[in-house]
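Notes to accompany the following structure.
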Amino acid sequence: MHMIAQAPPEAQNKRLIIAKIAVVVLYAVGVVGLSLPEYRELFLKLTPAQLLLTLVILLGYHKGWSDAFPIFATAAFWIGFGAEIIGIHTGYLFGDYVYGTTLGPKLWDVPIVIGVNWFILVYLTGTVFHKATDNDYYAALLGATAMTVIDYIMEPVAVALDFWYWKFEIIPAGNYFAWFGVAFLIHLIYRKANFDRENPLAAWMLVAMILFFAILNFTLEL
């Protein structure tokens, strides 16, 4: 069997450090740009690109490229995206809301990158908690809870930056219950899929994303 040559540990560590610095720069620049009114419009246009770049960087350190991984990734994208379609067109699941223009091109009135966002969040939280327990349901509970907390931090920023809008400008409590339920389902699929879940960049990326929205809550005075 042909073996792919591995870089020496020193080179791998250096590459990981560079990637961590790149993540910090990516999100720090985003916070500054979105916090300053004179640059906000430009950085809002770059939001989909930032999310896609996050995906590329993250997958660059993914190790479990088995046949099960693309199945999980596809399921995560379409379950999350499908839930948003139902939410937008029926008002069920998350409540009455509509997407703005910030997140880019839409399919059935839902930005395509929303499916990418669902995948990234499940992947990150799943990877961080995958060693916490051998029980798939408890692990899914931990991951879904973490994602619900992230959504709570993200919601005010998302509304302020034209990601989406809620009817009567009120975020319904049902949004968080539905978010938890959809996240729990995708996390179960993540746990059942047979692939290597190690990613040395996952925890770093997750913290960067949380701090990104947490800091914007303060700089935008929300």
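Structure notes:
- Taking first residues from segment 191-220 that are farther than 22 Å from Leu52 by Cα and partners that are buried (at least 19 other Cβ atoms within 10 Å of the Cβ) and small (Gly, Ala, Ser), the Cβ contacts under 8 Å between residues at least 6 apart in sequence or on separate chains come to Arg191/Gly126; Arg191/Ala139; Arg191/Ala140.
- Residue match in segment 162-172 (condition: charged (D, E, K, R), closer than 18 Å to Lys192 by Cα and surrounded by fewer than 17 Cβ atoms within 10 Å (Cβ to Cβ)): no
- Evaluation of Ile215 against the conditions (1) in contact with a His (Cβ under 6 Å, 6 or more places away or on another chain); (2) open to solvent by 30 Å² or more (accessible area, probe 1.4 Å) shows that the sole unmet condition is (1).
- Being within 25 Å of Asp162 (Cα to Cα), open to solvent by 10 Å² or more (accessible area, probe 1.4 Å) and in a loop (DSSP other than H, G, I, E, B) is a description that does not apply to Thr133.
- Residues that are open to solvent by 20 Å² or more (accessible area, probe 1.4 Å), of a type outside the set (Asp, Glu) and over 22 Å from Gln50 (Cα atoms), drawn from segment 92-104: Tyr92, Leu93
- Condition met for Leu58 (surrounded by 15 or more Cβ atoms within 10 Å (Cβ to Cβ), within 22 Å of the chain's Cα centre (by Cα) and farther than 23 Å from Leu201 by Cα): no
- Subset of segment 61-90 (residues that are free of Cβ contacts under 8 Å to residues at least 60 places away in the same chain, open to solvent by 20 Å² or more (accessible area, probe 1.4 Å) and not aliphatic (A, V, I, L, M)): Asp67, Pro70, Thr74, Phe77, Trp78, Gly82, His89, Thr90
The values are calculated or read from the model by the stated rules, or taken from the named source; none is laboratory data. The structure displayed is predicted, hence computed values, not measured ones. Cβ sites come from the backbone with ideal geometry, for glycine too, and all protein chains shown count toward neighbours. What goes into the accessible areas is simple: the full protein's heavy atoms, side chains included, and nothing from ligands, DNA or RNA. Shrake-Rupley method; radii C 1.70, N 1.55, O 1.52, S 1.80 Å.
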